[in-house]
1. Compute the projected area of the convex hull of the Cα atoms of the protein assembly as shown, averaged over all viewing directions, and report it in nm² to one decimal place.
2. Cα centroids of region A:63-81 and region B:191-239: how far apart, whole angstrom?
3. Could you order peptides B:295-308, B:28-41 by the average number of other Cβ atoms within 10 Å of their residues, highest first?
4. Partner chain Cβ atoms within 10 Å, averaged over the residues of B:195-204 - can you pull that number for me?
5. On average, how many beta carbons from a partner chain sit within 10 Å of the beta carbon of a residue in B:52-64?
6. May I ask for log10 I(q)/I(0) of region B:21-79 at q = 0.21, 0.25, 0.27 Å⁻¹, from a Debye sum over the Cα atoms as equal point scatterers with solvent left out?
7. Using the Karplus curve 6.51 cos²θ - 1.76 cosθ + 1.60 with θ = phi - 60°, what ³J(HN,Hα) values do you get for each residue of region B:57-66, in whole Hz, with x for Gly and Pro?
8. Sorted by average packing, counted as other Cβ atoms within 10 angstrom per residue and highest first, what order do B:128-136, B:69-77 take?
Amino acid sequence: MANKNKIKTTAGEKIFDTFNVVFMLFIMIICLYPMLHVLFASFSNGVELMKHQGLLLWPAGFSTEAYTAVARNAMIPRGYMVTLFVVFVGTTLNIIMSCLGAYFLARNDQAIGKAAMIFIVITMFFSGGMIPGYLNVRSLGLFDSIWALIFPVALNTFNMIILKTNFMSIPASLEESAKLDGAGHGTILFKIFVPLSKATLAVLVLYYGVAHWNSWFNAMMYIQNRELYPLQLILREILIVNDTSNMTAGNAVDVEQVSDTIKYAVVIVTTLPILAIYPFLQKYFVKGVMVGAVKG
Amino acid sequence: MKIASQKSVAEMNLRTPYVKLSFWGKVWRDITSNPILYLMFLPVVIYYILFCYKPMYGALIAFMDYVPGLEFWENDWIWFDNFTRFFNDRNFWRLIKNTLVISLSSIIFSFPAPIILALLLNELKSKAYSRVVQTISYMPHFISMVVVCSLIREFTKNTGVITQILGVFGFPQVTMLGEPKYFVPLYVISGIWQEVGYGSIIYLAALTGISSELYEAARIDGANKWQQTLNVTLPGIVPTIMTMLIMRMGNMMNVGYEKIMLLYNSQIYDTSDVISTYVYRIGMLQSDFGYSTAIGLFNSVINLIILLIANKISYMATETGLW
């Protein structure tokens, strides 16, 4: 009887396993296809693409016209420079600030430790809001400056707590012996704690870097000078506000036909860098997400 | 008792004059004995004061008749007038309804999705296949909101690929974001697409923490795969689910305004305008700073209350909470 039961369940299990494998294939297609569609469309001929119906499994009439249009445009390279600056400078500042904060919060020998933690955690649940934040940036003289994209997001509490948790797992004996050798706090942090937290720091670099790369709202609030527009804000103009007119300078007849393929080419040019990087850092995600879930 | 303690304090005072220090006294002692440590922490404190606490103080303009250009304290206090104005705003009920509808549909449909994906991934026999599925399912998370929203707009136009495919099943060929009734489904479904893979990481991590002995014991007791899932796997990840659910509940009234702002238009305000997008329009487009801040403040207070209630309920039900 037991034996028969066992065979029965394995049959059921087999069906389930097959279903599961196929279902996962379906999930992968759903996740991948939109970007593939964009990729194919970006290499399509504008007119052919307009005529095309349904799924795109290959570029409709191969053409690199859209990419040459993107390359000719002055705003996109400039936006790239602004975004790269914000990503590099911003992320560097983020990491330094997170290390400094996490180092202090990871110690339990300071009388103010608990109060400092409360001081910081409060900001996770309560904030001044959109307008007070905007007025604050103005009153600090950051408005319409590239630093408005960096200083207000110089630190992320959640990420700092991830790092703090990681620092706390480092054996105290390491710090003790370094102290006996005459190491100061700076040396302990940057020569012992930081090298021992490389994996967590890699996750933080990814979190902060992606956030900077993808951010557009602060730029829309705080930046007026078009020369300081980051990539995402330019993207928003091209894709959402539908401002393709200044992309195809003068060539009025082709505007309508080229615009769609240009949109797709712009998406590819601005999204591919991130999509190329994250798989290499994937093994660190679990660690970052896990530690982050541990309450502060 | 009292005498004894006084005596011991006196004795200790003989050894060191700094025993009975007040809290700030202790803090000062720490600072003077470790100045470098505090110097290193100073930039962090400055950041929080300048960019978190100063705006909180600035949020006092919610209680003022704020006139841009005047000095902060020169504005007239009108106390709760901005709040009563909001309660009487003709958009008030629409905003509350939309915020709740979008938020609740996200919780009901988007919240379980990563849990289900994690459970299914966990059942895959081939670990390599599982890893490939994971890598690919994380991808949408890394695509910027601007791009995701522009794709949604492109694909759901009357000539868009999604509209065309649905047309096979007799779906009308319309620009979906021009019609109020399609907004919430589009918002929720695209939200699942964006976050289901990335959201599953935490549950997958929790699943690996379940001891294999529990599964063996269940098998010996004659439990089949389904019963094992119900009685071993699910209880094993309940604490993680609860923590994530409370955090989600705490953000119930915080519907992501970035995504809505990139998707909506005045034709579909009826289903898509939420409190935070209204805060933006009143504040940034109409420059009614005091009123906008009051609406935002009302929103944060409601959020905080929901978070506290959710945490309390979770404590009573499963003994897991945020603190």
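Just so you know, all these numbers are worked out from the coordinates, no wet-lab data involved. Predicted model only: the values in this text are computed from it and were never measured. Here the Cβ positions follow ideal geometry from the backbone for every residue, glycine too, while neighbour counts run over all protein chains shown.
1. 37.7
2. A separation of 48 Å, based on Cα centres.
3. B:295-308, B:28-41
4. Counting other chains' Cβ atoms within 10 Å and averaging over B:195-204 gives 3.
5. If you average over the peptide's residues, the count of other-chain Cβ atoms is 6.
6. Debye output, listed in q order: -0.82, -0.98, -1.06.
7. 5, x, 5, 4, 5, 4, 9, 10, 8, 6
8. Working: B:128-136: 16.4, B:69-77: 10.4.
Answer by packing, highest mean first, reads B:128-136, B:69-77.
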